[in-house]
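Nothing in this text is a laboratory measurement; each read-out follows from the coordinates by a stated rule. Just so it is clear, the model here is predicted, and its values are computed rather than measured. So basically every Cβ, Gly included, is an ideal-geometry build from the backbone, and we count neighbours across all protein chains shown.
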Amino acid sequence: PVGDTAPMSENDPVRPLWQPSAERRERANLTAFMAFCADRAGRPLESYDELWRWSVDELEAFWAAIWEFAGVRAHAPYERVLGRREMPGAQWFTGARINYAEHVLCGQDPQAVAVLHTSELRPLASLTRGELADAVAEAAGGLRALGVGPGDRVVAYLPNIPETLIAFLACASIGAIWSSAAPEFGARAVTDRFAQIEPAVLLTVDGYRYGGRDFDRRELVAGLRAELPTLRHTVLVPYLDENATLPDALTWQELCERGRGTELRFEPLPFDHPLWVLYSSGTTGLPKAIVQSQGGILLEQLKKGLLHLDLHPGERIFWFTTTGWMMWNFLIGCLLTEASIVLFDGNPAHPDLDTLWALAEQTATNTFGTSAGYITACEKAGLQPARVHDLGALRAVGSTGSPLPPEGFRWVHDHVGEDVWLFSTSGGTDVCTAFVGGSALLPVYEGELQCRALGCAVQAWDEHGHRLEDEVGELVITEPMPSMPLRFWGDEDGARYRESYFEMYPGVWRHGDWIRITPRGGAVIYGRSDSTINRHGVRMGTSELYRAANAVPEVQDALVVDVPRGGELWLALFVVLADGSTLDEPLERRIKQRIREDCSPRHVPDAVLQIADVPRTLSGKVLEVPIKRILSGTPPEKAASLDSLANPRSLDYFVELASRLSSERDAA
């Protein structure tokens, strides 16, 4: 059968956890796309692996096929698919004029449900495609009345609610540039992001409810406005209190009233016109403000929704996310297909971990997306969702945010559904997509991501740039992708962009993950090879955590790492304290509270531990990655070059801690 993959040999003990049925393979969008591309390739493409290899060898033909297969609407045709086949600097679909929002709001049944939404503050409700289009027209008209035009930045301090989606699509229709942060993000984290792009308009809520507790954010918003001198307007979405107000701010209703009666229209934009700015931090400096294009994101999300998620008309997809994580952008991109999306704002463990499974039943969700941490938590809590809920509509479960251990695969199979397709994915904010993920044509093996994504030339390399087969190496991308960043905002000469991805291997994208490509063509992700903290799917650089921790007077120096522990990522903050200070419970609470307020509740460390000295190189660089490796079991002499350390004895503490952690794992 098309796409069927057998074990390597009859003696191979590895057997798949799940196999797609013949009916599922026949119905899959990938099957139709494979036949579509075979005509273009001039030869049969009889397996997913053959299709993938064609997609990365023949980039121009592949992306042109996506354009045609998905029915991209163009106000002006493209002159050439790929002007420069190099990284950075690839030029895609030159001459084309398109609009992202047009592909969401036009050409579909206006009576079809577009969005189902609920939160801890609001009951379950829905919007049809027609209602969504009308709401976007009003919001866009209101923004235009405020003087917002192409290239203006609109920033949103909003939760995962319909107003956020409507505002984003309104911006995209105009050609304004969108950027969002979740309301749980602290003041410094939000300011460090939004101030970089000099916004004209701020959209915000008065507060939010999480885990049954109310959080008023109006004081924080007042401080944020003071830090954004380019703001011309503020728009308040009353959410926590429907009667809430802000000084010198319009309400959401007032904004929409200004656009009432406005016809829906779409600005014809160049393919590389900026769509939004996402953020991904490193170990130094402000978060990277990543600019991605209307056209690049459009094509990538069409590819993912149709081919890798295998979404069909009338289906419903849910993914637990906040507006501060790229998975929100990913989820709303599913509206480019004829599927509908499910939005949820709140604590997934309130009142208990069963909340999201109850939502899946209530909304008849077909594809349920969540984090690996949530699946692991459900497994440890002994949940059996299929026994408690009617999950008959559920056909797929997606997992991302961190590597899903084999136990998580088995739990989904045993307690969510034997016939449910589980696809684990891994990618990044930097490209707003997954490099490796799912295929409805392939079997699922425990602990293994099914395949490399179409159009993603993923390989594992050693430190010398040699390709590795079935060995752990750096995840690299050897060919350009349309959704790669146009640039970083404010990085005029591109130096920071090149340093972030192309410093280790010039001309080849190094992502910062450890990966192994299996003989079956699948992949296993082993976590970050750099020091970015991926916490509950939200990536934040260590520089932001250091800034918060070092703001506590007693803290003189700090080191933060996250390492796999018990199927989850354990986030540990190590602090050097001023003379005479002791890490007692009150000080630990103050350190955690500062990180909670300045960064986010998601990045509060699991443990704060006192050390005598932070390991550093002779040049003063903190040894974050080597410490992660030591705590993961790597011998110190293999994790770091002792000759390059300014204080090699500082490793002794971490070697001893690694031994204790290993003993605890063995005892468990």
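Close amide H partners of R316, meaning residues 5 or more places away or on another chain with modelled amide H under 5 Å apart, are S340, N366, T367. Helices meeting the span-like rule in the chain (full DSSP H runs, Cα extent of at least 15 Å along the helix axis, mean Kyte-Doolittle score of 0.0 or higher): 29-41, 59-70, 129-145, 162-174.
Charge tally for G465 (other residues, Cβ to Cβ under 13 Å; Lys, Arg +1; Asp, Glu -1): -2. Ignoring lysines fewer than eight residues from K628 along the same chain, the ones with Cα atoms less than 24 angstrom from its Cα are K288, K592, K638. Find out how many positive minus negative residues lie around C37, taking Lys and Arg as positive, Asp and Glu as negative, among other residues whose Cβ is under 14 Å from that of C37. Once positives and negatives cancel, what remains is -4. Relative contact order, whole percent, for the chain stands at 13, derived from Cα pairs under 8 Å and 6 or more residues apart. Calculated mean residue ellipticity, 222 nm, the chain: -9000 deg cm²/dmol, from DSSP H runs (n ≥ 4) at -39500 (n - 2.57) each, averaged per residue and rounded to 500.
Here the chain is treated with +1 on each Lys and Arg Cβ and -1 on each Asp and Glu Cβ, and its dipole about the Cα centre works out to around 700 debye. Less than 5 angstrom separates the built amide H of W570 from those of V563, R565, all sequence-distant by 5 or more or on a different chain. Cross-link reach is defined here as a Cα-Cα straight distance under 24 Å, omitting same-chain residues fewer than 8 places apart; for K380 none of the lysines meet it. Dividing the radius of gyration of the alpha carbons in the chain by their Kirkwood radius gives 0.95 for Rg/Rh.
Net charge near T337, counting Lys/Arg +1 and Asp/Glu -1 over other residues with Cβ under 10 Å of its Cβ?
Numbers: positive: K304; negative: D310, E315, E338.
Its environment carries a net charge of -2.
For the chain, the residue among V472, L442, F266 whose Cα projects farthest onto the positive side of the dipole built from Cβ charges is F266.
Find the centroid of the Cα atoms in the stretch 75-110 and in the stretch 116-193, then give the distance between the two in whole Å. After rounding, the separation between the Cα centres reads 23 Å.
Label-to-label distance, T582 versus E60, with points set 7 angstrom from Cα along the beta-carbon direction: 7.2 nm. The convex hull defined by the C-alpha atoms of the stretch 383-445 has an orientation-averaged projected area of 4.9 nm². Listed peptides 116-123, 462-469, 399-406 appear in the order 399-406, 116-123, 462-469 once ranked by packing, highest mean of other Cβ atoms within 10 Å at the front.
Dividing the mean sequence gap of close Cα pairs (under 8 Å, 6+ apart) by how many residues the stretch 1-133 holds gives a relative contact order of 13 percent. In terms of its C-alpha gyration tensor, the stretch 445-552 has an oblate overall shape, because the principal axis ratio a/c (a ≥ b ≥ c, square roots of the eigenvalues) is not below 1.5 and a/b does not outweigh b/c.
With a cut-off of 8 Å between alpha carbons and a minimum separation of six or more residues, what is the relative contact order of the stretch 106-189 in percent? Please list the in-between numbers first.
Working: 105 pairs, mean separation 21.9, N = 84.
The normalised contact order for the stretch 106-189 reaches 26 percent.
Going toward the positive end of the dipole of the chain, with +1 on Lys and Arg Cβ and -1 on Asp and Glu Cβ, which of V420, Q459, F62 do you reach last? Highest projection toward the positive end goes to F62.
Using only alpha-carbon positions, what ratio does the radius of gyration of the stretch 165-240 give when scaled by 2.2 N^0.38 Å? Walk me through the numbers before you get to the answer.
Details: Rg = 12.6 Å, N = 76, 2.2 N^0.38 = 11.4 Å.
Here the answer is 1.11, to two decimals.
When only the Cβ of Lys, Arg, Asp and Glu is charged (+1, +1, -1, -1), the dipole of the stretch 306-374 relative to its Cα centre reaches about 140 debye.
Between S126, T245, I627, the Cα set farthest toward the positive side of the dipole of the chain (charges on each charged residue's Cβ, about the Cα centre) is that of T245.
Treating only the Cβ of Lys, Arg, Asp and Glu as charged (+1, +1, -1, -1), what charge dipole size does the stretch 7-85 show about its Cα centre? Round to the nearest 20 debye. It would help to have the intermediate numbers written out before the result.
On the way: 11 positive and 13 negative charges, 68 e Å.
Computed charge dipole of the stretch 7-85: roughly 320 debye.
Distance between the modelled labels on A35 and V472, one decimal in nanometres: 4.4 nm (7 Å Cα→Cβ projection). Out of the trypsin sites (Lys or Arg not before Pro) in the stretch 38-99, which ones are loop residues according to DSSP with at most 15 other C-beta atoms within 10 Å? Filter output for the stretch 38-99: R73, R84, R85.
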